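Report on one structure; see the data block that follows.
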Amino acid sequence: MANGIQYRKMTVNDISAVVEIEHEAFTTPWSHEIFEHEMLGNDYAHYIVAVQDEEVIGHCGMWVVLDECHITNVAVRKRLRGQGVGEALMRKAIELCKANEVRLMTLEVRVSNHTAQNLYRKLGFQDGGIRKNYYTDDHEDALVMWVEF
């Protein structure tokens, strides 16, 4: 993993950088307005950012409801992928969940995204099922994955 990376709670000031990363990572990225609502209007939302040299280089979002967590998005700047930033973000999310007595974490991942699936399996996630036509851009199926703590 690249040196000098810090992980912290996302703030409203990070939204523009996070939206840039979303555009690099996803065919249907979340908008500035969606993230603003998440930060200001969703009590269940928790976001972590990875910062290197004062630049936001990745983010991980989750909704924590009672003792369950749903990962909403994980993304890293294109030029820094494959260096462990995504894994570190997920590990920070897991730490946050364990500290808050969350017992189950779940997420959806494209059935074609084997790199992400391998990372999630490395972190203890198991396959849970398929959501047919889950993605609105191309109707690709999503693999539901989960892990219990």
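The values are calculated or read from the model by the stated rules, or taken from the named source; none is laboratory data. What you see is a predicted model; the values in this text were computed from it and never measured. Note that we place each Cβ from the backbone using ideal geometry, even for glycine, and neighbour counts take in every protein chain shown. For accessibility, only protein heavy atoms count, side chains too; no ligands or nucleic acids. Shrake-Rupley method; radii C 1.70, N 1.55, O 1.52, S 1.80 Å.
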Checklist entry - Can you give the percent of C-alpha pairs in the chain whose distance is more than 20 Å? => result 47
Checklist entry - When the accessible area of the stretch 1-42 is computed with all protein chains present and a 1.4 Å probe, what percentage of it is carbon and sulfur? => result 50
Checklist entry - Taking amide hydrogens as modeled 1.01 Å from N in the peptide plane, which residues meet the under 5 Å criterion relative to TYR134, leaving out close sequence neighbours? => result ASP141, ALA142
Checklist outcome for this item: The ³J(HN,Hα) series, computed from each phi in the stretch 133-149 with the Karplus coefficients 6.51, -1.76 and 1.60 at θ = phi - 60°, rounded to the nearest Hz and given as x for glycine or proline, is 6, 5, 8, 6, 6, 9, 6, 5, 6, 10, 8, 8, 10, 8, 9, 9, 9
Checklist entry - Once amide H atoms are built 1.01 Å from N in the peptide plane, which residues 5 or more positions from ASN73, or in another chain, come under 5 Å H to H? => result GLY61
Checklist entry - Once the dipole of the chain is set up with Lys and Arg at +1 and Asp and Glu at -1 on Cβ about the Cα centre, which of PRO29, HIS46, ASN118 lies farthest towards its positive end? => result ASN118
Checklist entry - Okay, helix-only estimate at 222 nm for the chain: each DSSP H run of n ≥ 4 adds -39500 (n - 2.57), divide by all residues, round to 500 deg cm²/dmol; what do you get? => result -9000 deg cm²/dmol
Next on the checklist: Suppose all protein chains stay in the model; what accessible area per residue would a 1.4 Å probe give for the chain, in Å²?
Outcome noted: 56
Checklist outcome for this item: The lysines whose Cα lies under 26 Å from the Cα of LYS92, excluding any fewer than 8 residues away in the same chain, are LYS9, LYS78, LYS122
Checklist entry - From the backbone phi of the stretch 117-124, what are the Karplus-calculated ³J(HN,Hα) couplings (6.51 cos²θ - 1.76 cosθ + 1.60, θ = phi - 60°) in whole Hz, Gly and Pro given as x? => result 4, 5, 4, 4, 5, 4, 8, x
Item to check | Ordering of 76-87, 130-141 by packing [mean C-beta count within 10 Å, highest first] | outcome: 76-87, 130-141
Checklist entry - For the stretch 15-32, in order, what is each residue's ³J(HN,Hα) by Karplus, 6.51 cos²θ - 1.76 cosθ + 1.60 with θ = phi - 60°, in whole Hz (x at glycine and Pro)? => result 4, 4, 5, 5, 5, 4, 5, 4, 5, 6, 9, 10, 6, 10, x, 6, 8, 4
Item to check | Choice from ALA116, ALA99, ALA75 showing the highest fluctuation, given a GNM over the chain with Cα pairs closer than 10 Å | outcome: ALA99
